[in-house]
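Let me begin by presenting the structure, written as structure tokens, before commenting on it.
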Amino acid sequence: MVLSFFRKSPSGLEHAVSRAVGMLGDARHSFDLATLALLTETSASAVDADIRATDERMNRTEVELRSELVIHISVQGTMNIGSVLGLILLINRIERIGDQAKNVLDLAEEGAVLAGRPDSETLLTERAEISALFGEVAELMVEHDDARFAELTQHCEELQALHQTKINEYVHSMEPGRDVVPRAIYYRYLNRIVANLVGIARAAAEPLVLEPGESVVDLDE
Amino acid sequence: MTLSTLAGETGKNSMPTAVRAMLVGGLIYLFLVGVSSLEQGIKVMGQDTQEQLFSNVSNPIAGLCIGILGTVLVQSSSASTSVIVGLVAAGAIDIETAVPMIMGANIGTTVTNTLVSLGSARRSDEFRRAFATATVHDFFNVIAVAVLLPLELLTGVLSNAAGRLSELLVGSSGSEWKSPIKAWVKTPVGWIEDLESSLGLGGTALGVTMVLTGLVLIIVSLGLITKNMRLLIADRVERSMNSVLSKGSGSVAMLLGVVITMLVQSSSITTSILIPMSAAGVLAIRNAYPVTLGANVGTTITALLAALASSSPDALTVALVHTLFNVTAIVILYVPRFIRDVPIYCAEWLARIAAARPVWAVGYVMGAFIVLPLVVFAIAR
């Protein structure tokens, strides 16, 4: 272990960014499994253990990353304080996505059935679209690209507007509650997940630029 | 500036690594020139002036206090122990006088991380953790001196062991050995002497200016060595700290403390980076403690280096006493499990008091590192 001092390997922040990308991969895994349980015939109990284990791993990584960032500041000084704050914001958001994936799983476990319905195909397409967003955000974390970031932001804004429209429709719908309530709740979770994804991309691009009313400590509404 | 570009630039700086490494090499040379200039300046002063200057420190308790005060003043035990080695090399003080001063320097150096911990005084829990981690170093070093100084005064165990080791390495006390480093620094020291003589200085005045030049060179070069080495190895230190915290043992943490301190030539740097980690709750006092002890040993490399710039075996003996003192302290106060936690309990007790009333922390720093040594020195000299 002392000999590792003399070996060459990635510097502190590079390592932290790479671990944060891994954490985002875990969040995507949880999202994919939870939505699979809600939108298909897959049993919620079959994915429950995997999602909970992934969530525990993400929480552990979050604590370790925070510790690494404290060490980074202690050793390197405040030279990279902007990036460190950005990373704290970013890992907090990823951890929130993990929680929101668990909320989707809870919805499935509470008996919400969205599989085999007329809108199932649309729901699955939207799920795939959001799952792909995780990959795009991970790529932007590793290598920033202004054009791709702008494209992603616009895409996410469109998705969020669509989700809000759907939520409004379900809230005012005359359809039975067992059909519309789970959908309204599900779209609310999707809306937050997309907001967190665009937040992660933004934190990676502009570590110290927060949205109006947003702070490093309290991220969600 | 994005996260990805900043992450890529971590620890990078404007100067290429190879150039910075060469700069550090040059600074080490300058440091050795400083030690040699100090030694030469004291020799030029003459026997009478030396006796007048150093007669006050012949009492070991007075010497201990001078070691504490001198180190607190320059905020570097590396600088103060190098000066002590230079004084011994010049024959201004003997080994018996130098040993308590070296032990005092060991206590004095602990003030830096204690001062760093005061930065979190407004946040009670953070401060309690930070102050405990800082003062565990103080307590360990004070207990080590309380045990080893009387033992040394009664038996001369450390100086005898160091003397034998020194004899094996370079020859017996009182003789001169041909240090290659002394030969390398002889020319610039000659230039300093010639330059100051050409200003019309001679005798004691020339000696004093050479000593002052030496002191400035030692302090400035050590400061710059520390700064540059920190930039050179910051990424490695960070990585190693992460490894030690995740799966390290006490001995690994101690070795890490030795390695980091030897490279940055400053125990204060090593112990001070632990403080924010402790304050944040990332590093427990039990994990920081062995790193601190490693720093105690690592910092002795500077005095050893300084001893190489002289041709006196006694200078090397004093530098070796510094190393032996810190190693022995670890063997008797850290290795036995029943006594290992005593400094931790003391530090946690003091930290609880300080966290409740931060003014006590300031009082402790002022009292333990300035007022008490001054008073004791005034009485003991």
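The values are calculated or read from the model by the stated rules, or taken from the named source; none is laboratory data. Everything numeric in this text was worked out from a predicted model, so none of it was measured. Please note: Cβ atoms are built from the backbone with ideal geometry, for glycine as well, and neighbour counts cover all protein chains shown.
Within segment B:201-211, is there a residue that is in a helix (DSSP H, G or I) and closer than 22 Å to B:Ser77 by Cβ?
Kept after step one, since they are in a helix (DSSP H, G or I), are these residues of segment B:201-211: B:203-211.
Among the residues that remain, those that are also closer than 22 Å to B:Ser77 by Cβ are: B:211.
There is at least one residue in segment B:201-211 that is in a helix (DSSP H, G or I) and closer than 22 Å to B:Ser77 by Cβ.
Scanning for something of a type in the set (Asp, Glu), more than 22 Å from A:Asp106 (Cα to Cα), at pLDDT 85 or above and under 16 Å from the mean Cα position of the chain (by Cα), does segment A:168-190 turn up at least one residue? Within segment A:168-190, not a single residue is of a type in the set (Asp, Glu), more than 22 Å from A:Asp106 (Cα to Cα), at pLDDT 85 or above and under 16 Å from the mean Cα position of the chain (by Cα). Comparison of A:Val70, A:Val113, A:Val104 shows that the only residue that is buried (at least 24 other Cβ atoms within 10 Å of the Cβ) and either closer than 16 Å to B:Arg239 by Cα or more than 14 Å from chain B (Cβ to nearest Cβ) (or both) is A:Val104.
Out of B:Ala329, B:Ala315, B:Ala306, B:Ala319, report the one residue that is in a helix (DSSP H, G or I), under 19 Å from the mean Cα position of the chain (by Cα) and surrounded by fewer than 24 Cβ atoms within 10 Å (Cβ to Cβ). Give the derivation first.
On the way: B:Ala315 fails: surrounded by fewer than 24 Cβ atoms within 10 Å (Cβ to Cβ); B:Ala306 fails: surrounded by fewer than 24 Cβ atoms within 10 Å (Cβ to Cβ); B:Ala319 fails: surrounded by fewer than 24 Cβ atoms within 10 Å (Cβ to Cβ).
From the options B:Ala329, B:Ala315, B:Ala306, B:Ala319, the qualifying one is B:Ala329.
Scan segment B:185-220 for residues that are within 26 Å of B:Leu305 (Cα to Cα), among the hydroxyl-bearing types (Ser, Thr, Tyr) and in contact (Cβ under 8 Å) with a residue 24 or more places away in the chain and jot them down. Matches in segment B:185-220: B:Thr209, B:Thr213.
B:Ile66 meets all of the listed conditions (1) at negative phi; (2) modelled with pLDDT under 90 but one, namely (2). When segment B:227-245 is filtered for residues that are in contact (Cβ under 8 Å) with a residue 60 or more places away in the chain, farther than 16 Å from B:Pro276 by Cβ and within 22 Å of the chain's Cα centre (by Cα), the ones remaining, listed by number, are B:Asn228, B:Met229, B:Leu231, B:Leu232.
Please enumerate the residues belonging to segment B:332-354 that are part of a helix (DSSP H, G or I), free of Cβ contacts under 8 Å to residues at least 60 places away in the same chain and closer than 26 Å to B:Glu126 by Cβ. It would help to see each step written out before you state the result.
In the first step, residues of segment B:332-354 are kept if they are part of a helix (DSSP H, G or I); the result is B:332-333, B:337-340, B:342-354.
Applying the additional criterion that residues be free of Cβ contacts under 8 Å to residues at least 60 places away in the same chain yields B:337-340, B:345, B:349, B:353.
Once the filter is applied, which keeps residues that are part of a helix (DSSP H, G or I), free of Cβ contacts under 8 Å to residues at least 60 places away in the same chain and closer than 26 Å to B:Glu126 by Cβ, segment B:332-354 yields B:Arg340, B:Tyr345, B:Trp349, B:Ile353.
Taking segment B:213-239 as the search range and keeping residues that are of a type in the set (Val, Ile, Thr) and over 19 Å from B:Gly34 (Cβ atoms), which one is farthest from the other protein chains (Cβ to nearest Cβ)?
Within segment B:213-239, the subset of a type in the set (Val, Ile, Thr) is B:213, B:216, B:218-220, B:225-226, B:233, B:237.
When the remaining residues are screened for being over 19 Å from B:Gly34 (Cβ atoms), the result is B:233, B:237.
Numbers: B:Ile233: 8, B:Val237: 5 Å.
If we take residues in segment B:213-239 being of a type in the set (Val, Ile, Thr) and over 19 Å from B:Gly34 (Cβ atoms), then B:Ile233 is farthest from the other protein chains (Cβ to nearest Cβ).
Residues in segment B:2-20 that are modelled with pLDDT of 55 or more and within 14 Å of chain A (Cβ to nearest Cβ) were compared, and the one that is nearest to A:Met79 (Cα to Cα) is B:Asn13.
Being at pLDDT 90 or above and in a helix (DSSP H, G or I) holds for only one residue in B:Ile42, B:Ile102, and it is B:Ile102.
What is the residue count in segment B:261-282 for residues that are among the aliphatic types (A, V, I, L, M) and more than 8 Å from chain A (Cβ to nearest Cβ)? Give the derivation first.
Our first condition is that a residue be among the aliphatic types (A, V, I, L, M); within segment B:261-282, this holds for B:262-264, B:269, B:273-275, B:277, B:279-280, B:282.
Going one step further and asking which of them are more than 8 Å from chain A (Cβ to nearest Cβ), we end up with B:262-264, B:269, B:279.
Residues flagged as among the aliphatic types (A, V, I, L, M) and more than 8 Å from chain A (Cβ to nearest Cβ) within segment B:261-282 amount to 5.
Is it the case, given these coordinates, that B:Ser249 is free of Cβ contacts under 8 Å to residues at least 40 places away in the same chain, surrounded by fewer than 22 Cβ atoms within 10 Å (Cβ to Cβ) and more than 8 Å from chain A (Cβ to nearest Cβ)? When the stated conditions are applied, B:Ser249 passes them. The single residue among B:Ala121, B:Ala144, B:Ala161, B:Ala132 that is crowded, with 19+ Cβ neighbours inside 10 Å and more than 20 Å from the chain's Cα centre (by Cα) turns out to be B:Ala132. When B:Met210, B:Met254 are checked against the criterion of being more than 9 Å from chain A (Cβ to nearest Cβ), closer than 17 Å to B:Ser37 by Cα and within 24 Å of the chain's Cα centre (by Cα), a single residue qualifies: B:Met210. For segment A:37-62, the candidate set comprises residues that are buried (at least 20 other Cβ atoms within 10 Å of the Cβ) and touching a residue at least 60 places away in the same chain (Cβ under 8 Å); within that set, the residue that is farthest from A:Leu190 (Cα to Cα) is A:Ala44.
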